[in-house]
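S.K.: Below is the structure I would like to discuss, written out as structure tokens.
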Amino acid sequence: MTTQTATAGLQEHGGMDTKKLGVWIASVGIWFLPLLWIDPTTYAVLTVAGLAMGMLIFLTASGLTLIFGLMDVLNLAHGAFFVWGAYVGFSILNGLQQIGWVEGAGAAQSIGSVVLCLLAALVVGGLMGIVLEKMLVRLTYGSHLKQILITMGASLILVEILKVVWSPNDEVVTVPQAFQGSWIVMDVIITKFRVAAIVVGALVLAGIQLVMMRTKLGIIVRAGVENKEVVETLGYNIRRVFTGVFCAGAALAAVGGTMWSIFKEQIHPAMGEENLIFALIVVIIGGMGSVTGSFLGAIMVGLAYNYVAYTLPPLALGANIMIMAVILLIRPTGLMGKE
Amino acid sequence: MAEPILSLAKVHTYIEQHHILQGVDLSFMPGRATVLLGRNGAGKSTTLRTVMGLTPAASGEVILKGQAVQAMKPYEVAKQGVGFVPEDQAVLYTLSVEENFRLAMLSENEKTWSRMETIFKLFPDMKKFWRSKAGVLSGGQKQMLAIARAFVNDHDLLLIDEPSKGLAPIVVDHLIESINHIKNHTTVILVEQNFYMASHIGVDYFILDDGRTVHQGLMDDLVHDEGLKQKYLGIA
Amino acid sequence: MENKTMQPTPVQIERENLHRVRFTRPALWVQLVLVACLIAGPLVVPSFRAMDVMTKVMIFAVVAASYDLILGYTGILSLAHVTFFGIGAYSMALVVFHSGQAAWYHIFVAMALAVGISGILAVALAFFSLRVKAIFFTMMSLAFAEFVFILGDQWHDLTMGEDGVSFSLPGIFSVNWSDGTFLGATLNGRLVTYYFILAASVILFIGLVRFVRSPVGRVLKSVRDNEQRSTALGYKTFHYKVLSNVFGSVVASLAGVLFAMWLGYVNPTSVLGIPVMLNVLLMVIIGGMGTLYGSIMGAAFIQVAEAWLPDLQKLAVLLLPTVEVAQRLAERWILYFGILFILVVIFFPKGLVGTARDMIARRKLRLAQRDH
Amino acid sequence: MANQAPVVQTKDLTIRFGGNVAVNAVNLTVEPFTLKAIIGPNGAGKTTLFNLLSGQYKPTSGSIMFKGREVTGLGAADRTRLGVGRSFQLTNIFPSLSVLENVRLALQSKARVGMVFWRSYHSYSELEDRAYELLRQVLMEKRWAAEANTLTHGEQRKLEIAILLALDPELLLLDEPTAGMSLEEVPAILELIQQIKAARNRTIMLVEHKFDMIMTVSDSIAVLKEGRLICDDYPEAVACNSEVLEAYLGGGVKNG
């Protein structure tokens, strides 16, 4: 009897996998559709741009989804981490510009300057995350309304302080020499930094997956997403895990902000809020708490945004909201969300 | 007489505004499996949860191995050497069986892995489904995983909450056998509604009713005391 | 029937009491005094700035109260409520703007459009709120609000984009119209519009209060308390949620029409922006969720603060002429809103009216205990 | 009585949760104006059966007839309108509303004025008076103005029964009405149930653990075990059924 139920369970398990596979195939396949009205060369350019954009959104969304999945906290201050990361990176680049590491620099110096920017953003974002979690978010566990209000308030404060420290106006970001310009591969123009964005995004994804799947910490975090109480009774201080994940999420958002600022070559204080919308859409599409889901969602959003922006520019964000609405109607918890 | 491994004195616990435990007094002797009995809503599960710090006591004392633990957080209680098996087969469905065990290991060393060998002997299914997601296991297998998971550490005390709930009789028999093996190594406190299971594991028993301790004694005596069973357990 | 001859039950006695004091309740007098002040205001203080603040307080009190109906009474946390307000404002502005010459019927067309569009959208949104988990819905509504904002910002042919739409009102509502004096104040289009908005806001507000005090309002309370039980009593809770959402959204859109009438100008930032939404949310929280009347206090607080906080900067220049950081900080008055958000949520979660009601209830209880 | 259609008739009623069959092919008939008790060990599917009857769950297969009418596809709200009233195992009231308001809401549902949003609820004074009358019936009239969450456990259960009666249901589903009640409070509930039964205008189904209580009030007893109906008979017959006793004891240990 026991074995019988077990095999039944296994079959069910197999069935679930085919379903997931179906989700993957459908969500990949649909992106060949624009080829019907976009010529292949442009399509290729748009696809690279979309992938790059998706990877960058993923950086922000992955933190957001983990924070939500584990802590059940909707962190609307996530956009503030993002914009702070962008401005910290901007300052570092300006500083490095003085010693000639940015404009007219060699490949090593260019890469070095970007890495330095990212590290600085990582540290600043992480610290901000820890402070925010320990000071404010901690007070709001269990009440979504409080979370929304308090993280909103925190977001307003952080962005206003940013305007005091830097300025409320747009700034131009100088892209390090080696990342300027583009390659042309078979008529397709590929901007160098887009490739860099895809590489960084892929590295972060790999890193997160490695930590989540292969380490004890990853097991604890995944277990916490599913059932906090059990994790606590097994002897882990879930609060400390919360702080850690919040810190990591904030750091990732800040890194995303830095990458985004170099990607767009300009920054402004409202960019955090704009990007938060993308990240929210991605998190909803992917399913709260699922890193792979938000990766899938981010790629979808990046691609859809670029294809639609090329065809009907004002509707680009609308298209993403449409995708979100349709996915929610079919799967109310998102592509990879818990049922 | 030896010191009790765990004792509760005048413990009151509220869940929201409900007064669930209304002055529970209990003491558990090391090495003796004890069963908490009582009707639905008598406060048995809450007692275990209060010991673990999941529903903290509003007043009263919980002494674990001579140390007051009523103000401790669940993870601190767990680190004092208490294993907890929550009700409803609370294993982590999205994690593999292996990951469930690794999560439970407070330290992954040779000693814990050698305990795994014992566990595999007790619960061969755990080895068989080592790499499967815990969510695909049957109800009985999940319950065994939940118990085995708590056994993986060298705990002095194991709290088990209604392991038989929702399981087929044949599975219950297997569970009884395994818990009886485990109770040779650690002190087991069991909350159980299934009297058959309770009577086959417990040495001592307590009966709770309306959040109070109303009776205690030796299991062997209770089995033959029809009046008591009918009065408190609704078993005619 | 037989009860009439029998001794009245405590319930009947209580009802009689309530009925007897209905014209002598202090709350009623507070309300009447408030309305009287609003009527006398422009006549006593002939300052345009004061009138402007008063009008905005009235309009936003209605918006906040309609939001409270949804947030406080059905527990649905939507961040797209101001979108309905914006739809109303744009209906008014665009109807006049695109027809070239302002006419009387435009106001009614605008109201009909506002009601129609926001009603349909509210049903659609309410449907989503049932389909997905609460917090998902909140995030979705935020994305939806942002989408409508971008539409207003970028659909240049219809909305004139971020530059916004200027328009004038017909007849005696027109800013250019003027005809002698009235009780000492200049009788002009502004003043007439002010009184129109006053009357309309009072009607809308009473409508909301009525809604909450109706059998539907009672069911909403029960749903908030224990939805499963409501269902088991035979209430189709979803219908109630849809009804109140539609009602609240329609009221917000009508308030938007009023707002556009007052400003004669509409742009995306002022009626569709997320900051406006946050302000409304803050108004409800400051006043107290689920109290309706709190919205008036919240709206007054925020509008007054918004009107005079920028003066803080001048004060900072005056006091600390050499400290640049202080001036820069003073300039960023949204910063203080952010701090306010956090402080209110942590220290004052029930808001002004909610806290006051708690205190009164506690006093009553104490008095009752003393009587026994 | 025989010429009337049974109040409840289930046919092969089954519900599965994943691999677990919680209610398994249950065929149950309840005659009008009788009291049927449902007993069985924990996890036997008693509450699930109630959830199926009241429409909280949809069955995986099988059908439910209520007074000769097929109701399998109807939701909980619709069944309430048809006359199915259900109390919950965990006390289920509106905690922050007054006792009177709790009952009044139930009457309002029955009076079908719920969707009125233009009149003040105060203008429905007859509902308030009826609510007070019902509170008197369950001996709770002194507490009418109290907030429901300030009641004692026993009072809350009485309030629940008053809410239930306000719906004027033809079928009452009582899920452990005495659960969590102190022993002194039990007789009042027992009396209340007997009162309702004596009026002979409602049918009652009762899930209860207190065996002596069941023996006194029931007309018939159905025994569930692991989702299956193993016995449905007169109280005396059930009490002597060995299979039942074994099921109730969880297997193994027999009497004595």
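S.K.: Do you know which of the residues in the stretch C:328-339 that are within 15 Å of C:LEU281 (Cα to Cα) and surrounded by 20 or more Cβ atoms within 10 Å (Cβ to Cβ) is nearest to the other protein chains (Cβ to nearest Cβ)? Let's see the steps before the verdict.
M.R.: So the first thing to find is which residues in the stretch C:328-339 are within 15 Å of C:LEU281 (Cα to Cα), and the list is C:334, C:337-339.
Subsequent filtering for residues that are surrounded by 20 or more Cβ atoms within 10 Å (Cβ to Cβ) retains C:337-338.
Working: C:PHE337: 6, C:GLY338: 3 Å.
Only one residue tops the list, namely C:GLY338.
S.K.: Identify, from the list C:LEU34, C:LEU69, C:LEU28, the residue that is touching a helix residue (DSSP H, G or I) at 6+ places or on another chain (Cβ under 9 Å) and assigned by TED's automatic domain parsing to the domain that holds C:PHE149. Break it down stepwise before answering.
M.R.: Numbers: C:LEU34 fails: assigned by TED's automatic domain parsing to the domain that holds C:PHE149; C:LEU28 fails: assigned by TED's automatic domain parsing to the domain that holds C:PHE149.
Within the list C:LEU34, C:LEU69, C:LEU28, the selection yields C:LEU69.
S.K.: All but one of (1) over 30 Å from C:TYR240 (Cβ atoms); (2) surrounded by 24 or more Cβ atoms within 10 Å (Cβ to Cβ) hold for C:GLY88, so report the exception by its number.
M.R.: Among (1) over 30 Å from C:TYR240 (Cβ atoms); (2) surrounded by 24 or more Cβ atoms within 10 Å (Cβ to Cβ), C:GLY88 violates only (1).
S.K.: Of all residues in the stretch B:165-182, count the ones that are away from chain D (no Cβ under 14 Å) and surrounded by 21 or more Cβ atoms within 10 Å (Cβ to Cβ).
M.R.: Of the residues in the stretch B:165-182, 2 are away from chain D (no Cβ under 14 Å) and surrounded by 21 or more Cβ atoms within 10 Å (Cβ to Cβ).
S.K.: Taking strands (runs of 3 or more DSSP E) that do not extend beyond the stretch B:16-117, which have at least 3 residues that are within 28 Å of D:THR47 (Cβ to Cβ)? Steps first, answer last, please.
M.R.: On the way: elements: B:18-28, B:34-37, B:59-64, B:82-85.
Hits in the stretch B:16-117: B:18-28, B:34-37.
S.K.: Could you identify the single residue in A:ILE161, A:ILE111, A:ILE184, A:ILE99 that is within 9 Å of chain C (Cβ to nearest Cβ) and more than 19 Å from A:GLY249 (Cβ to Cβ)? Explain how you work it out, then say what you get.
M.R.: Values: A:ILE111 fails: within 9 Å of chain C (Cβ to nearest Cβ); A:ILE184 fails: within 9 Å of chain C (Cβ to nearest Cβ); A:ILE99 fails: within 9 Å of chain C (Cβ to nearest Cβ).
Result: A:ILE161 is the single residue among A:ILE161, A:ILE111, A:ILE184, A:ILE99 that is within 9 Å of chain C (Cβ to nearest Cβ) and more than 19 Å from A:GLY249 (Cβ to Cβ).
S.K.: How many of the residues making up the stretch D:144-154 are over 21 Å from D:GLN195 (Cα atoms), part of a helix (DSSP H, G or I) and more than 10 Å from every other protein chain (Cβ to nearest Cβ)?
M.R.: 0
S.K.: Among the residues in the stretch B:16-33, are any in contact with a Lys or Arg (Cβ under 6 Å, 6 or more places away or on another chain), touching a residue at least 12 places away in the same chain (Cβ under 8 Å) and not small (Gly, Ala, Ser)? It would help to see each step written out before you state the result.
M.R.: Residues of the stretch B:16-33 in contact with a Lys or Arg (Cβ under 6 Å, 6 or more places away or on another chain): B:22-23, B:33.
Next, only the ones that are touching a residue at least 12 places away in the same chain (Cβ under 8 Å) stay: B:22-23, B:33.
Next, only the ones that are not small (Gly, Ala, Ser) stay: B:22.
Yes: one or more hits.
S.K.: Would a scan of the stretch B:211-223 turn up a residue that is of a type in the set (A, V, I, L, M, F, W, C) and either crowded, with 21+ Cβ neighbours inside 10 Å or within 8 Å of another protein chain (Cβ to nearest Cβ) (or both)? Show your work before the answer.
M.R.: From the stretch B:211-223, those of a type in the set (A, V, I, L, M, F, W, C) are B:214, B:218-219, B:222-223; that's our starting set.
Among the residues that remain, those that are also either crowded, with 21+ Cβ neighbours inside 10 Å or within 8 Å of another protein chain (Cβ to nearest Cβ) (or both) are: B:222-223.
Within the stretch B:211-223, one or more residues are of a type in the set (A, V, I, L, M, F, W, C) and either crowded, with 21+ Cβ neighbours inside 10 Å or within 8 Å of another protein chain (Cβ to nearest Cβ) (or both).
S.K.: Moving to a separate point now. Could we say that C:VAL57 is in a helix (DSSP H, G or I), within 14 Å of chain D (Cβ to nearest Cβ) and of a type in the set (Val, Ile, Thr) here?
M.R.: no
S.K.: Can you confirm whether A:GLY289 is in a helix (DSSP H, G or I) and in contact with a helix residue (DSSP H, G or I) (Cβ under 9 Å, 6 or more places away or on another chain)? Working first, answer last.
M.R.: On the way: in a helix (DSSP H, G or I): no; in contact with a helix residue (DSSP H, G or I) (Cβ under 9 Å, 6 or more places away or on another chain): yes.
So A:GLY289 fails the test.
S.K.: Further question: Here are some residues: D:ARG136, D:ARG200, D:ARG157. Which one is surrounded by fewer than 22 Cβ atoms within 10 Å (Cβ to Cβ) and part of a helix (DSSP H, G or I)? Can you show your working first?
M.R.: Numbers: D:ARG200 fails: part of a helix (DSSP H, G or I); D:ARG157 fails: surrounded by fewer than 22 Cβ atoms within 10 Å (Cβ to Cβ).
The conditions single out D:ARG136.
S.K.: From the set of residues in the stretch C:32-80 that are buried (at least 22 other Cβ atoms within 10 Å of the Cβ) and among the polar types (S, T, N, Q), which is modelled with the lowest pLDDT?
M.R.: Here the residue is C:THR74.
S.K.: Given the options A:VAL83, A:VAL48, A:VAL23, name the one that is closer than 22 Å to A:ARG331 by Cα, modelled with pLDDT of 70 or more and among the β-branched types (Val, Ile, Thr).
M.R.: So the residue among A:VAL83, A:VAL48, A:VAL23 that is closer than 22 Å to A:ARG331 by Cα, modelled with pLDDT of 70 or more and among the β-branched types (Val, Ile, Thr) is A:VAL23.
S.K.: In the stretch B:97-137, which residues are within 14 Å of chain A (Cβ to nearest Cβ), within 18 Å of B:SER178 (Cβ to Cβ) and either surrounded by fewer than 17 Cβ atoms within 10 Å (Cβ to Cβ) or among the charged types (D, E, K, R) (or both)?
M.R.: Result: B:PRO124, B:ASP125, B:LYS127, B:LYS128, B:TRP130.
S.K.: Which residue is farthest from the other protein chains (Cβ to nearest Cβ), if the candidates are limited to the stretch C:202-249 and must be under 21 Å from C:GLN31 (Cα atoms) and of a type in the set (D, E, K, R)?
M.R.: So the residue we want is C:ARG210.
S.K.: Which of the residues that make up the stretch B:138-164 are of a type outside the set (A, V, I, L, M), touching a strand residue (DSSP E or B) at 6+ places or on another chain (Cβ under 6 Å) and more than 9 Å from every other protein chain (Cβ to nearest Cβ)? First the steps, then the outcome.
M.R.: Restricting attention to the stretch B:138-164, the residues satisfying the condition of being of a type outside the set (A, V, I, L, M) are B:138-143, B:149, B:151, B:153-156, B:161-164.
Those left that are additionally touching a strand residue (DSSP E or B) at 6+ places or on another chain (Cβ under 6 Å): B:155, B:161-162.
B:HIS155, B:ASP161, listed by residue number.
S.K.: Then there's this: Counting only residues that are away from chain D (no Cβ under 14 Å) and β-branched (Val, Ile, Thr), which one in the stretch C:250-269 is farthest from C:TYR67 (Cα to Cα)? Explain how you work it out, then say what you get.
M.R.: Going residue by residue through the stretch C:250-269, those that are away from chain D (no Cβ under 14 Å) are C:252-269.
Then keep just the ones that are β-branched (Val, Ile, Thr); that gives C:257, C:266, C:269.
Numbers: C:VAL257: 16, C:VAL266: 21, C:THR269: 19 Å.
Result: C:VAL266.
S.K.: Filtering the stretch A:313-333 down to residues that are assigned to a loop (DSSP other than H, G, I, E, B) and facing chain C (nearest Cβ under 9 Å), which residue is nearest to the chain's Cα centre (by Cα)? First the steps, then the outcome.
M.R.: Pass one, the stretch A:313-333, residues assigned to a loop (DSSP other than H, G, I, E, B): A:331-333.
Among the residues that remain, those that are also facing chain C (nearest Cβ under 9 Å) are: A:332-333.
On the way: A:PRO332: 21, A:THR333: 19 Å.
Filtering first and then ranking leaves A:THR333.
S.K.: Now for a different question. From the list A:ARG214, A:ARG222, which residue is more than 23 Å from A:GLU133 (Cα to Cα), within 14 Å of another protein chain (Cβ to nearest Cβ), free of Cβ contacts under 8 Å to residues at least 60 places away in the same chain and of a type in the set (D, E, K, R)? Outline the logic, then answer.
M.R.: Details: A:ARG222 fails: more than 23 Å from A:GLU133 (Cα to Cα).
Of the residues listed, the single one that is more than 23 Å from A:GLU133 (Cα to Cα), within 14 Å of another protein chain (Cβ to nearest Cβ), free of Cβ contacts under 8 Å to residues at least 60 places away in the same chain and of a type in the set (D, E, K, R) is A:ARG214.
Yes/no per residue for (1) part of a strand (DSSP E or B); (2) at pLDDT 85 or above; (3) more than 9 Å from every other protein chain (Cβ to nearest Cβ):
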| position | (1), (2), (3) |
| --- | --- |
| D:ALA25 | yes, yes, yes |
| D:LYS58 | no, yes, yes |
| D:ALA77 | no, no, no |
| D:THR80 | no, no, no |
| D:PHE88 | no, no, no |
| D:GLY114 | no, no, no |
| D:GLU128 | no, no, no |
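S.K.: Scan the stretch C:256-282 residue by residue and report those that are in contact with a strand residue (DSSP E or B) (Cβ under 7 Å, 6 or more places away or on another chain) and either surrounded by fewer than 22 Cβ atoms within 10 Å (Cβ to Cβ) or more than 17 Å from C:ASP52 (Cα to Cα) (or both). Quick ask: steps written out before the conclusion?
M.R.: We begin by selecting, within the stretch C:256-282, every residue in contact with a strand residue (DSSP E or B) (Cβ under 7 Å, 6 or more places away or on another chain); these are C:260, C:264-266.
Within the stretch C:256-282, C:GLY264, C:TYR265 meet the criteria.
S.K.: A:MET336 passes all but one of (1) more than 10 Å from chain C (Cβ to nearest Cβ); (2) in a helix (DSSP H, G or I); which number fails?
M.R.: Going through (1) more than 10 Å from chain C (Cβ to nearest Cβ); (2) in a helix (DSSP H, G or I) one by one, A:MET336 breaks only (2).
The values are calculated or read from the model by the stated rules, or taken from the named source; none is laboratory data. Computed from a predicted model, the values in this text were never measured in an experiment. Cβ: placed from backbone, ideal geometry, glycine included. Neighbour counts: every protein chain shown.
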